[in-house]
Amino acid sequence: MSVGAWVSTSMPYLTPQAQGQPDAWGAELAARGRRGGQRIVGAGEVAASEEVAELLEVDPGEAVVVRRRVMFLEDVPCELTDTYYPASIARGTRLAGTAKIPGGAVTLLAELGYVGVRVREDVSARMPDAQEREALRTEPGEPVLRLVRVTFDGGDRPVQADVMTMPAHRQRLRYEMGIER
C-alpha cells in the first residue's frame, strides 16, 4: 500500500447527515485534514444489467437510475463509483440528476422515506480494463478492488446499489464488526 493510501470504513456512508452537514466523503476528508471531491460524470435512467437487476431485485432491462462519479483524493482519482436506485424511488428526484446533493444521496433517500438498516458488501480484486486504468491513472499490471454494496431498508428491500472500482495499492478497507448480545 502506498504512502498516499486511503483507509475507508463503510459506516459513515450509510448514515444520513444532519441538515447543513457535508456528504460523508466530504466529512471524512475534512476530519482527516485531506482534500478531495467528486465529479459526477453522468446520471439518469438506464436499463438494468443482469448484475444490477439482481442487486436491486428488479427484472433485467427494467429502468433504474444511475449516478456515475469519479472520486478524487488530493487531485488524484481514487475511485469510480456507479450508484444505482430503483426507478420507483429515484425517478424525478435529485438522484437522477448531475447536481451535487446536499448531505449526500443517503440523506436524500432518508428524506424520501428510505432509510438503510442493513448492508451487504462483496469485495473482489481483478485487473482493470483500459478505460478504468485511464480514469484511475494506474499503471499496467496494477490491480483494482471492486466493492459492491447493496443497502436494504426496514422492509429488506434494496434501495441502493453501489459498484465501486478503486486502485488496490491506494486502498485499505476497514470493517469493524460487533456481536449482538
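The table below gives the values:
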{"read-out": "Using θ = phi - 60° and Karplus 6.51 cos²θ - 1.76 cosθ + 1.60, couplings along the stretch 89-102 (whole Hz; Gly, Pro as x)", "value": "8, 9, 4, x, 10, 5, 5, 8, x, 9, 6, 5, 9, x"}
{"read-out": "Estimated vicinal HN-Hα couplings, Hz - the stretch 83-88 in sequence order (Karplus 6.51, -1.76, 1.60; Gly, Pro = x)", "value": "10, 10, 9, x, 4, 4"}
{"read-out": "Other-chain or far-sequence residues with amide H under 5 Å of V115's (modelled H)", "value": "G154"}
{"read-out": "Largest-first principal axis extents of the Cα set of the stretch 37-174 (Å)", "value": "42, 30, 28"}
{"read-out": "Estimated inter-spin distance, T93 and A130, nm [label 7 Å along Cα→Cβ]", "value": "3.8 nm"}
{"read-out": "Ranked packing of 161-170, 142-151, 67-76, most packed first, by mean Cβ within 10 Å", "value": "161-170, 142-151, 67-76"}
{"read-out": "Intensity falloff of the stretch 125-181 expressed as log10 I(q)/I(0), Debye formula with alpha-carbon point scatterers, at q = 0.14, 0.15, 0.18, 0.30 Å⁻¹", "value": "-0.54, -0.60, -0.74, -1.17"}
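Taken together, the values in this text are just the output of simple stated rules run on the coordinates, not laboratory data. Small disclaimer: the values here were computed from a predicted structure and weren't measured. Don't worry about glycine lacking a Cβ; one is built from the backbone with ideal geometry, like all the others, and counts go over all protein chains shown.
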